[in-house]
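To start, the structure under review is shown below, and the notes come after it.
The values are calculated or read from the model by the stated rules, or taken from the named source; none is laboratory data. Bear in mind the structure is a predicted one, so any value in this text is a computation, not a measurement. Please note: Cβ atoms are built from the backbone with ideal geometry, for glycine as well, and neighbour counts cover all protein chains shown. In case anyone asks, the SASA skips ligands and DNA or RNA and just uses the protein heavy atoms, side chains included. Shrake-Rupley method; radii C 1.70, N 1.55, O 1.52, S 1.80 Å.
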Amino acid sequence: MSSYAAPLKDMQFAIAEFAGLEGIAALPGCAEVTGELVGAVLTEAGKFAQGVLDPLNRSGDRQGAQWRAGVVTAPDGFAEAYRQFAAAGWNGLAAPTDYGGQGLPHCIALPLQEMWNSANMAFCLCPMLTSGVQEALTHHGSTDLVKTYMPKLVSGEWTGTMNLTEPQAGSDLAAVRTRAVAEGDHYRIQGTKIFITWGEHDMAENIVHLVLARLPDAPEGVKGISMFVVPKFLVNADGSRGARNDIRCVSIEHKLGIHGSPTCVLAYGDHGGAIGRLVGEPNRGLEYMFTMMNHARLGVGMEGVAIAERAYQHALAYARTRVQGRAIGRKSGDRVTIIHHPDVRRMLMTMRAQTEAMRALGYLAAGELDRAKSHPDASVRARHQARLDLLTPVVKGWCTELAVEIASLGVQIHGGMGFIEETGAAQYLRDARITTIYEGTTGIQALDLIGRKVGAEHGATALALVAEMRELDAALAGAGTFFEQMHTTLAQAVDALESATRWLVDHYHAEPEAAAAVAVPYLKLFGAVAGGWLMARAALAVAARRGTSDADRTFIDAKLATARFYIEHLLPPAAALSLTVTRGAASTLALDPEGF
């Protein structure tokens, strides 16, 4: 088994180059966010990930969370690890200082989420959801709700979940049936919620559920959904934990992966109704929940980056030690480790290049989030918010789809040993598979991308990003022989993205079904081209450092090689994806549903 080591150099590079650390440090309240601070935080977080969380990953997968008579127990070691996590202040890293958080920007918090997920994704889901509850309450909760719940959510004494899904209401939340009836200053909640990650456990003393439910007079559909805070234990007037609320965990799911994370079925109100408090205004619950969901979608995208990184490290460690066959072209002599075989190196380079491109895009989005929240100029905030809105479904959809492919390559590098659980490679593939489904499937992300983010604004933000990609052309063209082919291939890929974007702008309103039929290929095209753009930027940035006295030649040479591989191997298929978008809708819809 390999041991996780945070890729600190690439993380710090991506924070500086793509999140734009220097610009973020100039934002209000961020003056102390320096390269030195980032390095120190990442180093300490890396030690925690490697020393505490990673050793529990395999054992947690094998043991799994346990359910017995409504009581859920986390795998051995998880509760103590969570107490250490909370005591170290990691739970409130990006939370407001008013509630005990550290108030650090997302360009630091998101890389830390990558570390936690690489080391132990099942564990990390708990604090990730808690941070989402913090986000939702900060934006939409009353002063009293925030005062009651935020300090202990930030400290990690209490954890949080979001409760959307019901047996008959998955992606279609208009079908939600959970009911809420007013009773004095609170509501009685009755209904069943499924797929509630960390909905019951023994790691913290209370669990704060954000629950979607309907009021008796609510209009039909999604416009009739409200949001409620429903804690596992009620909270007394002095802030202490009170009586057990009317919530039961009736079972946990038996899943393909993330076995250490309990996925719960929760029954609300079997004995008169669980007590909840309304968040914000009635019938605006789905709107409020999207604050949490968009926050979570970036987090799930980083889960994709994280699992890809871990699968790569695991495969690399195996390739360096597994002896098999002689070097290509030699008929005698010692057998070599498989990293000497060209096709294994091709697979490793594919894993590495895609992961670095995914990380670059995720950190770029984190920088947009910080500027959208904190820039003093409202028009600038709006511009960065539009860019963040555009990138979020791409980060979530593209990074998680690639994570499955990358984890699968990790199994392939192990050969037959990868198909055996004892080597550990299969766990990353199993764990990665949920990420394309969490917080809306890839198809839902793609519909969001072509609808709210491209079609609704006639491609304005997407085409502005395409124009920014083209600004790199001149720099590449004049940077020497090494960058000439990179320039040509990237220019062709950006042309392909622009062509597909303009086709969607032209067809989205007139032929919505045709646009929807090619939405996922468009999302993948967008991710691949954005990744190529960022890898080319990375190559230019490190090349400029070559002549400096403190240049890290090993890092520079590796980044240049990885960028070149991405451009030559992973970017050319963009042209084919563009053809699929512009020509492929009719064939997708050619067969009637009855004909399948």
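Observations on the structure shown:
- Hits in the stretch 280-332 (condition: assigned to a helix (DSSP H, G or I), among the polar types (S, T, N, Q) and over 25 Å from Asp431 (Cβ atoms)): Thr291
- When residues of the stretch 543-560 are limited to those that are in contact (Cβ under 8 Å) with a residue 40 or more places away in the chain and assigned to a helix (DSSP H, G or I), the one surrounded by the fewest Cβ atoms within 10 Å (Cβ to Cβ): Phe555
- Counting the residues of the stretch 138-160 that are surrounded by 24 or more Cβ atoms within 10 Å (Cβ to Cβ) and in contact with a Phe, Trp or Tyr (Cβ under 6 Å, 6 or more places away or on another chain) gives 2.
- Test: residue in the stretch 165-176 that is of a type in the set (S, T, N, Q), at negative phi and either without any contact (Cβ under 8 Å) to a residue 60 or more places away in the chain or open to solvent by less than 20 Å² (accessible area, probe 1.4 Å) (or both): yes
- Close pairs from the stretch 225-244: first free of Cβ contacts under 8 Å to residues at least 60 places away in the same chain and crowded, with 19+ Cβ neighbours inside 10 Å, partner part of a loop (DSSP other than H, G, I, E, B) and β-branched (Val, Ile, Thr), Cβ under 9 Å, at least 6 apart: Ser226/Val279; Phe228/Val279
- From the list Thr291, Thr321, Thr355, the one residue that fits, being open to solvent by less than 20 Å² (accessible area, probe 1.4 Å) and either in contact (Cβ under 8 Å) with a residue 60 or more places away in the chain or among the hydroxyl-bearing types (Ser, Thr, Tyr) (or both), is Thr355.
- Only one of Asp76, Asp61, Asp98 that is over 30 Å from Gly443 (Cβ atoms) and modelled with pLDDT of 95 or more: Asp76
- Sub-7 Å Cβ pairs linking a first residue in the stretch 96-125 that is closer than 24 Å to His201 by Cβ and open to solvent by less than 10 Å² (accessible area, probe 1.4 Å) to a second residue that is at pLDDT 95 or above and of a type in the set (Asp, Glu), at least 6 apart or interchain, are Asn117/Glu303; Ser118/Glu309; Ala119/Asp54; Asn120/Asp54; Met121/Glu303; Met121/Asp431, ordered by first then second residue.
- For the stretch 17-26, taking the residues that are open to solvent by less than 50 Å² (accessible area, probe 1.4 Å) and of a type in the set (A, V, I, L, M), the one that is farthest from Val305 (Cα to Cα) is identified as Ala25.
- Here Glu135 meets each of (1) touching a His at 6+ places or on another chain (Cβ under 8 Å); (2) open to solvent by less than 20 Å² (accessible area, probe 1.4 Å) with one exception, condition (2).
- Top-ranked residue in the stretch 244-293 [being among the hydroxyl-bearing types (Ser, Thr, Tyr) and within 21 Å of the chain's Cα centre (by Cα); ranked as nearest to Gly60 (Cα to Cα)]: Ser261
- Residue list for the stretch 228-249, filter: over 29 Å from Trp116 (Cβ atoms) and not in a loop (DSSP other than H, G, I, E, B): Leu234, Gly242, Ala243, Arg244, Arg248
- Matching option when the condition is out of contact with any Asp or Glu (no Cβ under 6 Å at 6 or more places or on another chain), open to solvent by 10 Å² or more (accessible area, probe 1.4 Å) and not acidic (Asp, Glu), among Ala218, Ala308: Ala218
- Single residue of the stretch 397-414 satisfying the filter (small (Gly, Ala, Ser) and surrounded by 24 or more Cβ atoms within 10 Å (Cβ to Cβ)) that is farthest from Tyr438 (Cα to Cα): Gly410
- So Gly531, is it in contact with a Cys (Cβ under 8 Å, 6 or more places away or on another chain) and on the phi < 0 side of the Ramachandran plot: no
- Residues that are in contact with a Phe, Trp or Tyr (Cβ under 8 Å, 6 or more places away or on another chain) and assigned to a loop (DSSP other than H, G, I, E, B) were ranked within the stretch 201-214; the one that is most open to solvent (accessible area, probe 1.4 Å) is Glu205.
- Scanning the stretch 58-65 turns up at least one residue that is of a type outside the set (Lys, Arg), in contact (Cβ under 8 Å) with a residue 24 or more places away in the chain and surrounded by fewer than 18 Cβ atoms within 10 Å (Cβ to Cβ).
- Subset of the stretch 561-578 that is aliphatic (A, V, I, L, M) and surrounded by 15 or more Cβ atoms within 10 Å (Cβ to Cβ) - its residue that is nearest to Glu405 (Cα to Cα): Leu570
- Glu32 being more than 20 Å from Asp202 (Cβ to Cβ), at pLDDT 95 or above and either part of a strand (DSSP E or B) or open to solvent by 50 Å² or more (accessible area, probe 1.4 Å) (or both): no
- Filtered residues of the stretch 182-200 (kept if on the phi > 0 side of the Ramachandran plot and either buried (at least 24 other Cβ atoms within 10 Å of the Cβ) or not in a strand (DSSP E or B) (or both)): Gly184, Trp198
- Met162, sole failed condition from (1) in a strand (DSSP E or B); (2) modelled with pLDDT of 95 or more; (3) within 18 Å of Met289 (Cα to Cα): (2)
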